[in-house]
1. Can you tell me which of Ile235, Ile273, Ile249 is aliphatic (A, V, I, L, M), open to solvent by less than 70 Å² (accessible area, probe 1.4 Å) and either more than 16 Å from the ligand (Cβ to nearest atom) or in contact with a strand residue (DSSP E or B) (Cβ under 6 Å, 6 or more places away or on another chain) (or both)?
2. So in the range 9-31, with the set limited to residues that are more than 16 Å from the ligand (Cβ to nearest atom) and assigned to a loop (DSSP other than H, G, I, E, B), which one is least open to solvent (accessible area, probe 1.4 Å)?
3. I'm checking my understanding of the structure. Among residues of the range 44-55 that are without any contact (Cβ under 8 Å) to a residue 40 or more places away in the chain and in a loop (DSSP other than H, G, I, E, B), which one is nearest to the chain's Cα centre (by Cα)?
4. If you go through the range 92-107, how many residues are more than 19 Å from the chain's Cα centre (by Cα) and touching a residue at least 40 places away in the same chain (Cβ under 8 Å)?
5. Is it fair to say Ser200 is open to solvent by 10 Å² or more (accessible area, probe 1.4 Å), within 14 Å of the ligand (Cβ to nearest atom) and among the small types (Gly, Ala, Ser)?
6. Out of the range 56-96, which residues are assigned to a helix (DSSP H, G or I), open to solvent by less than 80 Å² (accessible area, probe 1.4 Å) and within 21 Å of His30 (Cα to Cα)?
7. Any residue at all in the range 38-59 that's within 16 Å of the ligand (Cβ to nearest atom), closer than 23 Å to Lys226 by Cα and outside the structural domain of Gly175 (by TED's automatic domain parsing)?
Amino acid sequence: MKTPTIPIPITQIPLQKNIQLFLKREDLIHAQISGNKYWKLFYNINSYLDQNSQNPFIITFGGAFSNHIAAVAALGKEYQLKTLGIIRGEELQDKWQENPTLKLAYQNGMDFLFVTREEYRDKDAITQILQKEVPDALFIPEGGTNEHAVEGIQFMLNSETKRFDYLCTAVGTGGTIAGISKFAEENQKVLGFKVVDDHSLYNKVFELSTKNNFELIEAHDGKYGKITDENIRFINDFKKNFGIQLDPIYTGKMMKKIFEMIEEDYFPKGSKILAFHTGGLQGIFGANELLKKQNRELIRF
Ligand SMILES: *Cc1c(COP(=O)(O)O)cnc(C)c1O
């Protein structure tokens, strides 16, 4: 994988308060790949390709709307890698074409193995079986989080991000915030907005980051993937007011929570906040399909 040469803009979100809020547009890295997923895969794929340039084969795990699955499939196409997605939910077996994420992943050349939720929980067992069949394949965990991923996240930080007091990101499996925490400046505070109700996350992030400069804040509305009406309204208003598209699973929840915290004077006067727009926009198509079936307001895109 190459280092993208496009400059990543940092855009100010104008506020009435004496607080400066900016968004770093990692979503602009690639049309089909969430910005943080790009960097999480960077060292994973490059170190694998250094050893296995013949018939590279990447196997990974994810749910039906996974940004990580979308990212691996898109990279597979771009770099001519064979890819296999182990997908949670055997019921998708004969209707995956109706799912926009999986349809696009398939068009990008990904093969699928659909497993039951119970089988999916035991990823080690699946890995062991497949490793016997394809010993040279690279197995990347769900969401792409591992030590290579944490190292790759350093590219989201640069000389321009040093001047901020707070660095904010949405948190799913924890790799992104671990990287931001690990590579942040001494004086910077890192805030992670949890979109999953997972109490093991703090320890996991601390192990990967080895620093305690971060805090985790609940932003999950009850469970992973839940999309409330307030959430949709916030995303649509945000787009109307600031011209920036957010996604319903990660960045929309983070920004809504940051706005609430600013309103509640969580941040001291004069604070400079940088939130990473990690992307995830491919998830809007799948979300809108569900919302349409439920006769609800759609995310404007
Ligand atoms: C995966 C993802 C995250 C969370 O990253 P983790 O490293 O899993 O915590 C945040 N935002 C978007 C858009 C994502 O796709």
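The values are calculated or read from the model by the stated rules, or taken from the named source; none is laboratory data. None of the values given here were measured: they were computed from a predicted structure. Positions of Cβ are generated from backbone atoms using ideal geometry, with glycine treated the same way; all protein chains shown enter the neighbour counts. The protein model used for the area step is the full one, side chains on, heavy atoms only, and it has no ligands, DNA or RNA in it. Shrake-Rupley method; radii C 1.70, N 1.55, O 1.52, S 1.80 Å.
1. Values: Ile235 fails: either more than 16 Å from the ligand (Cβ to nearest atom) or in contact with a strand residue (DSSP E or B) (Cβ under 6 Å, 6 or more places away or on another chain) (or both); Ile249 fails: either more than 16 Å from the ligand (Cβ to nearest atom) or in contact with a strand residue (DSSP E or B) (Cβ under 6 Å, 6 or more places away or on another chain) (or both).
Exactly one residue qualifies, and that residue is Ile273.
2. Filtering the range 9-31 down to residues more than 16 Å from the ligand (Cβ to nearest atom) leaves 9-22.
Those still in the list that are assigned to a loop (DSSP other than H, G, I, E, B) too: 9, 14-19.
Values: Pro9: 56, Pro14: 90, Leu15: 50, Gln16: 189, Lys17: 73, Asn18: 96, Ile19: 17 Å².
The residue in question is Ile19.
3. Within the range 44-55, the match that is nearest to the chain's Cα centre (by Cα) is Ser53.
4. Looking only at that region, the number is 1.
5. Numbers: open to solvent by 10 Å² or more (accessible area, probe 1.4 Å): yes; within 14 Å of the ligand (Cβ to nearest atom): yes; among the small types (Gly, Ala, Ser): yes.
Spelling it out, Ser200 is indeed open to solvent by 10 Å² or more (accessible area, probe 1.4 Å), within 14 Å of the ligand (Cβ to nearest atom) and among the small types (Gly, Ala, Ser).
6. Result: Asn67, His68, Ile69, Ala70, Ala71, Val72, Ala73, Ala74, Leu75, Gly76.
7. Among the residues of the range 38-59, not one is within 16 Å of the ligand (Cβ to nearest atom), closer than 23 Å to Lys226 by Cα and outside the structural domain of Gly175 (by TED's automatic domain parsing), which makes the answer no.
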